[in-house]
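Okay, structure first, notes after.
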């Protein structure tokens, strides 16, 4: 492609509503253009990236044995009523009436439609398993669309649905898809992690999310660099400390801690490490019951944070106690709470705290804490010891293979074992080998194609713009001639190189616009082209061209005759 | 591809609502599946065809210098209000409200959106011309969707929009697109005609329709086999006969024609050729005026039909006279009308009739006609001689290069010179070389991608099923082994051939299902695969395979070693 035949429209300034870097850079690079909130036109530059993502996704889905079809965007309400989601989906589901006042939806997902196709066409176990997929436009009426195409309303998705005669076969395909998604994100050149996930609203059991790692990601992840363990921080298990609780060595003492209400303040004031402190969270368990339980305490180490999902799993429904309830029960305001001398009150203790001796906690008296506190002696043994906290960096990995690290991720893929949720609702059955009618087992597998583009930019950018992996860059190589219109030598060399690289199957952009070098360099860096070749009279006089990789600190001069092989080797190494 | 890894689901019976052959065959072949009226899922087999059409369209649009982008399906109402189409479009425009009660449409076309993109990004004549296109899902809420995907509600369209600094440059691009569309339909392997068309509701002036020729087509076309003239029958000009009106040879006579009211009946009764008769159509011109004109007559030759568009062009607004008006004015019921002795009544005469002498017409008396009627002597000379009729086969071509033939066509493409209709409404302007602000000239260019698939089947089918051109067949070649599971020799030969053809880049389907030969043959013919190779023990014993083209009457035996080159030559010749 030549810039003179293409449409580049970069901007100096990012729009004021662009909160995240990928949104800013995509607009500045001219990849997308806003039509309405969360609705974007993919401009030629952006579309090239999108299509490259699509191609890799398609190739790997085909290789995995999934079969592509294409379902409508506009779907009749009847199917959604049959599945029950017409009521359940809420305002994210864009609904409309056709000219005959019949209800339709603009599909946010296609479980209903594909299940309808399969129940009509598939009757026998001999036709199973089947896996259909599509790459298709979806619409979800997000209440607050933001981050550009990262959380848009109209977006492109690869959604696949598999149908099986047994749960075992669903599990086989689930593993197949796990491997396929791993290959896809690897080929796309992205750093990613597959994490065990909650299934969310789509229903069913057993699922993994695929996250592109990026500091700005919405999701906090915990992973083990020494194994393939990864999980949402909220879901990762905090193991019990390996060492048992040491015996008590100190006697309990009451110390004045005026105005120190956080563990960090108290630790600093007392000159003790934060991990010697214990914080108390006052909760009311089963708050909706006729007689809610007494005010209970959850004990966490000073440097740890409560994980409400884990707590709810242990305690059932609960809520945080109000300040007046706390004062009424303990005679003390929050900030100085502790488990000493609280009578029969339940004390729920995190595993880390259960292994502590001689710890510091509030004295249930404003302005005072206790030091040298010990279970069994000063405090009753815990009512329950369990995992109540979020993991932190350095915690042992739950798979026992090293220490956890924390990072943030952008969810770009999700695989589910739906089991029979939709097949049951829509009566999607088959005859098994014995002639018995059975409900099919289903899996579903999604990739946010548009979101991958944003996630790749969140992961790869610097102060000059986007750093795309070669596999999804709008062009793999740019040729920047110094004086295309002025120097016949430069023009001829640039054209020869352009022809040579194009013939070799390299996706190359020749900048034939006669812009100033600084403008061309800045633009090619902004839009994220990974390899740049500068053609100039000075270099040509020595038979050389100037090469610079997008991430390189310095450029290098390479002989004309070697540049083709050099670039091919670089591109090959990247893919 | 192997049938065992693909999803074939052919049906014995066509659905009862399928009126046209393409709809019947697409459903029977398992290419599409109905989700709602005019809304279909493209099953894997159909999608393969659709994607092949898409690819050719894309390649030729890219080659022509158009730049691909992708606009949203869901569009804000504001733009449609700005162009005025929010009111004008009517119920074909599917409208909806988002969760914030803002109005949106599901785009049936994208003039507004692209003009909005261009007015924001393009400011100078130096950025022009520009041509953007997309291949994108559209929705039109047809009042009566029918013919399967031929007149569906949701469909795939290639829509392109070009922007120019002058009308001359628009005309250049229009010619470029005319040639591009010609290349596209040629490469798709379809018999087609480009016809000068009325611009319809999309607005602007200057347009051509591209029609795939098929007996079942909705549009009647006139074309000249000796030139590239083609037009909608309604728009083709009927030239005046070359020969001047001969002198009168007969005297006028009144003959009894009891019960003969059509020209054909009268001609037969009198033993005269139909072309000697003249029919009279009584009309009221300017019927809404305060004082409508008197009852007027349009005279056509007995074998010709009135073209109301042409008549309206000559007469302005008019309507057919009611029977009571005719009896009141002429004292005679319709069927026996004639232009003799009608006083000052206007007589509008088709060119063919103006050149007639000694003709037959009604006597304005029930049961009687006149023969030997002549202008000047028996009838006043015409008030106006003009083209009032549809052309018929055998008429001279308006370009003077031969005789017209008639055929029917399916419109699959349409190119328009929109001029400034949308650019003006949306204030899409640029600064010209002199720094003056000017409105852009626009062209738009559509191809009905889904409809092409239906049109190809309307054009290519026989009693056994679909006959696809190789360029868009779901597979180019099928290999049908006789006893894949039983004969190791057959299996090995089939697999070797499959590998050889696949490696050569041929899109081949290996039927490895172990169905009965008759079932496999019937299915491969139904789905329209153009080339079939049968692998059987008998042929292999002689080192031969059986080949049959989809349109061949007989199969032929070919040596194993030659089959690859043979198929490549056939496929190459077809493309």
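The values are calculated or read from the model by the stated rules, or taken from the named source; none is laboratory data. In this text, all values refer to a predicted model and were calculated from it rather than measured experimentally. Cβ: placed from backbone, ideal geometry, glycine included. Neighbour counts: every protein chain shown.
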- Task: Would you be able to say whether some residue in region A:141-150 is buried (at least 19 other Cβ atoms within 10 Å of the Cβ), facing another protein chain (nearest Cβ under 10 Å) and under 30 Å from residue A:431 (Cβ atoms)?
- Result: no
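Condition test on residue A:391, is it buried (at least 22 other Cβ atoms within 10 Å of the Cβ), in contact (Cβ under 8 Å) with a residue 60 or more places away in the chain, more than 30 Å from residue A:168 (Cα to Cα) and not assigned by the TED database to the domain that holds residue A:214? So that I can check it myself, show each step before the final result.
Details: buried (at least 22 other Cβ atoms within 10 Å of the Cβ): yes; in contact (Cβ under 8 Å) with a residue 60 or more places away in the chain: yes; more than 30 Å from residue A:168 (Cα to Cα): yes; not assigned by the TED database to the domain that holds residue A:214: yes.
So residue A:391 fits the description; yes.
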- Item | Residue tally, condition surrounded by fewer than 20 Cβ atoms within 10 Å (Cβ to Cβ) and within 30 Å of residue B:51 (Cα to Cα), over region B:426-448 | 0
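Looking at region A:161-183 only, could you name the residues that are under 19 Å from the mean Cα position of the chain (by Cα) and either surrounded by fewer than 20 Cβ atoms within 10 Å (Cβ to Cβ) or not in a helix (DSSP H, G or I) (or both)? Full working, then the answer.
Taking region A:161-183 as the starting set, the residues that turn out to be under 19 Å from the mean Cα position of the chain (by Cα) are A:177-183.
Selection gives A:178, A:179, A:182, A:183.
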- Task: Take residue A:55 and decide whether it is in contact (Cβ under 8 Å) with a residue 60 or more places away in the chain and closer than 26 Å to residue B:160 by Cβ.
- Result: no
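Restricting to region A:113-127, and then to whatever is within 16 Å of residue B:8 (Cβ to Cβ) and touching a residue at least 12 places away in the same chain (Cβ under 8 Å), can you tell me which residue is farthest from the other protein chains (Cβ to nearest Cβ)?
A:124
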- Note on the structure: Those residues of region A:99-112 that are crowded, with 21+ Cβ neighbours inside 10 Å and either within 11 Å of chain B (Cβ to nearest Cβ) or out of contact with any helix residue (DSSP H, G or I) (no Cβ under 9 Å at 6 or more places or on another chain) (or both) come to a total of 6
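In region A:1-116, which strands (runs of 3 or more DSSP E) lie fully inside it and hold 3 or more residues that are under 26 Å from the mean Cα position of the chain (by Cα)?
Working: elements: A:32-36, A:39-42, A:74-76, A:94-97, A:103-106.
Those strands (runs of 3 or more DSSP E) span A:32-36, A:39-42.
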- Task: Identify the single condition in (1) within 13 Å of chain B (Cβ to nearest Cβ); (2) modelled with pLDDT under 95 that residue A:41 does not satisfy, given that it satisfies every other one.
- Result: (2)
- Message: Exactly one of these conditions fails for residue A:402: (1) surrounded by fewer than 23 Cβ atoms within 10 Å (Cβ to Cβ); (2) farther than 30 Å from residue A:180 by Cβ. Give me its number.
- Response: (2)
- Among B:78, B:92, which is the only one that is surrounded by fewer than 18 Cβ atoms within 10 Å (Cβ to Cβ), touching a residue at least 40 places away in the same chain (Cβ under 8 Å) and either within 9 Å of chain A (Cβ to nearest Cβ) or in contact with a helix residue (DSSP H, G or I) (Cβ under 7 Å, 6 or more places away or on another chain) (or both)? B:92
- Message: Please go through region A:360-378 and give me each residue that is in a strand (DSSP E or B) and either surrounded by fewer than 23 Cβ atoms within 10 Å (Cβ to Cβ) or in contact with a helix residue (DSSP H, G or I) (Cβ under 6 Å, 6 or more places away or on another chain) (or both), ordered by number.
- Response: A:360, A:368, A:369, A:371, A:372, A:375
- Message: Looking only at region A:128-140, filter to residues that are in contact with a helix residue (DSSP H, G or I) (Cβ under 8 Å, 6 or more places away or on another chain) and more than 7 Å from chain B (Cβ to nearest Cβ); which one of those is farthest from residue A:438 (Cα to Cα)?
- Response: A:140
- Task: Run down A:561, A:569 and say which single residue is part of a helix (DSSP H, G or I), farther than 17 Å from residue A:498 by Cβ and modelled with pLDDT under 95.
- Result: A:569
- Task: Look through region B:17-38, keep the residues that are more than 9 Å from chain A (Cβ to nearest Cβ) and touching a helix residue (DSSP H, G or I) at 6+ places or on another chain (Cβ under 6 Å), and return whichever of them is surrounded by the most Cβ atoms within 10 Å (Cβ to Cβ).
- Result: B:31
- The condition of being within 22 Å of residue A:162 (Cα to Cα) and in the same structural domain as residue A:17 (by the TED database) holds, among A:106, A:39, A:67, only for A:67
- Message: If residue B:194 satisfies all but one of (1) modelled with pLDDT of 95 or more; (2) more than 14 Å from chain A (Cβ to nearest Cβ); (3) in contact with a strand residue (DSSP E or B) (Cβ under 6 Å, 6 or more places away or on another chain), what's the number of the condition it fails?
- Response: (1)
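So which of B:267, B:321, B:312, B:329 is in contact with a strand residue (DSSP E or B) (Cβ under 7 Å, 6 or more places away or on another chain) and under 21 Å from residue B:359 (Cβ atoms)?
On the way: B:321 fails: under 21 Å from residue B:359 (Cβ atoms); B:312 fails: under 21 Å from residue B:359 (Cβ atoms); B:329 fails: under 21 Å from residue B:359 (Cβ atoms).
None of the other options fit; the residue is B:267.
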- Task: Please determine, by comparing only the residues of region B:1-16 that are within 13 Å of chain A (Cβ to nearest Cβ) and touching a helix residue (DSSP H, G or I) at 6+ places or on another chain (Cβ under 7 Å), which one is nearest to residue B:147 (Cα to Cα).
- Result: B:15
- Task: Keeping to region A:497-521, report how many residues are out of contact with any helix residue (DSSP H, G or I) (no Cβ under 8 Å at 6 or more places or on another chain) and either in a loop (DSSP other than H, G, I, E, B) or more than 13 Å from residue A:534 (Cα to Cα) (or both).
- Result: 8
- Item | Residue count for region A:51-75, restricted to those that are more than 7 Å from every other protein chain (Cβ to nearest Cβ) and touching a strand residue (DSSP E or B) at 6+ places or on another chain (Cβ under 6 Å) | 4
- Message: One residue is enough: does region A:337-355 have a residue meeting the conditions assigned to a loop (DSSP other than H, G, I, E, B), modelled with pLDDT of 95 or more, out of contact with any strand residue (DSSP E or B) (no Cβ under 8 Å at 6 or more places or on another chain) and assigned by the TED database to the domain that holds residue A:313?
- Response: yes
